[in-house]
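Below: one structure, written as structure tokens.
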């Protein structure tokens, strides 16, 4: 459904009406949509769907350009179906990036269905096939008035066009210099910031305190991602998610390494959007991108614990390593709760609890669940001889 555009009932100059069918419902892939009991009009350029008799939706006109249709096939009712409904399945190219507004921005499917409640005439598939073969939308027909003017312009018309080109070039140059001025102002701030940091390093002769290191990291974080990956730059969702996964991996590798190799996906979402500035990501896009990391061979991958908590972690950090490092901390402290482990590792309580559960599953610690809460102890059954 993300290939459809809102339009009106007017036709283009070289567009011709072919045939129409009634009582038609639209499907997004195999999913029903609210657009039902409508009329479908086939033209040489488009498939137009509208409500003919419903006053609530009499202004709704949807248009599907035929140039997006790869091929179609007919789907007849099954042997155990009691209705007369027939369906046409249209397999589509990716939507145009400069398309008009439509009823749906994103779709999971590369095909749609037209369900004809009372069936359709045998001419409908035949005419649709002819329109796809003839490709009338590729023919460029200039209006008669425009062709007449072009024939009569002569030298005066050529001079006028040259003047218009010079005027547009002057305007473009003026805009470019305005943008350049803004860029130079921003560049001055960046140079001033870098000089300030360089002078501090020189004054300290390489000895930078912890507070200054934290402040320096905050400066770098405020700079954000210089070229964030956006959906508009790609023709398909798969390419978009792969590129987004690589950028997220580059941005989050160091922060995740600093906190022990694991970070909750909610924290990743906040950090990535903080770095992207105004180009914010949706939770769905972040989740889909993280799902592809393991298949792309990136240093980070998504992991889901049995409790349902989803994290992004280093590919080198497996459960065996987590259980071993957590066991060492439990042995050093005698016993630990999730809150105490969270303070030691500087991670969230949820992640600390998951680390303790993983260690328990490997048999390297035992739990004590009492009125004071859940506490984990070394597993002496495996480590001591009796």
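Things to note:
- Check on residue 61, modelled with pLDDT of 85 or more and more than 14 Å from residue 2 (Cα to Cα): no
- Unmet requirement for residue 89, which otherwise passes all of (1) modelled with pLDDT under 85; (2) surrounded by 13 or more Cβ atoms within 10 Å (Cβ to Cβ): (1)
- Considering residues of segment 1-13 that are in contact (Cβ under 8 Å) with a residue 60 or more places away in the chain, touching a strand residue (DSSP E or B) at 6+ places or on another chain (Cβ under 9 Å) and assigned to a loop (DSSP other than H, G, I, E, B) only, the residue surrounded by the most Cβ atoms within 10 Å (Cβ to Cβ): 4
- Residue in segment 347-362 that is loosely packed, with under 15 Cβ neighbours inside 10 Å and in contact with a strand residue (DSSP E or B) (Cβ under 6 Å, 6 or more places away or on another chain) present: no
- For segment 320-386, the helices (runs of 4 or more DSSP H) that sit wholly inside it and include 3 or more residues that are within 20 Å of residue 256 (Cβ to Cβ), modelled with pLDDT of 85 or more and in the same structural domain as residue 307 (by TED's automatic domain parsing) are 338-345, 349-361.
- Verdict on residue 311 being over 26 Å from residue 361 (Cβ atoms) and surrounded by 14 or more Cβ atoms within 10 Å (Cβ to Cβ): no
- Restricting segment 267-290 to residues that are touching a helix residue (DSSP H, G or I) at 6+ places or on another chain (Cβ under 7 Å) and part of a loop (DSSP other than H, G, I, E, B), the residue that is surrounded by the most Cβ atoms within 10 Å (Cβ to Cβ): 281
- Meets criteria (under 38 Å from the mean Cα position of the chain (by Cα) and over 17 Å from residue 308 (Cα atoms)) for residue 345: yes
- Conditions (1) modelled with pLDDT of 80 or more; (2) closer than 30 Å to residue 138 by Cβ; number of the one not met by residue 37: (2)
The values are calculated or read from the model by the stated rules, or taken from the named source; none is laboratory data. Just so we're clear, the structure is a prediction, and the values are computed from it rather than from any experiment. Glycine gets a Cβ as well: all are built from the backbone with ideal geometry, and neighbour counts include every protein chain shown.
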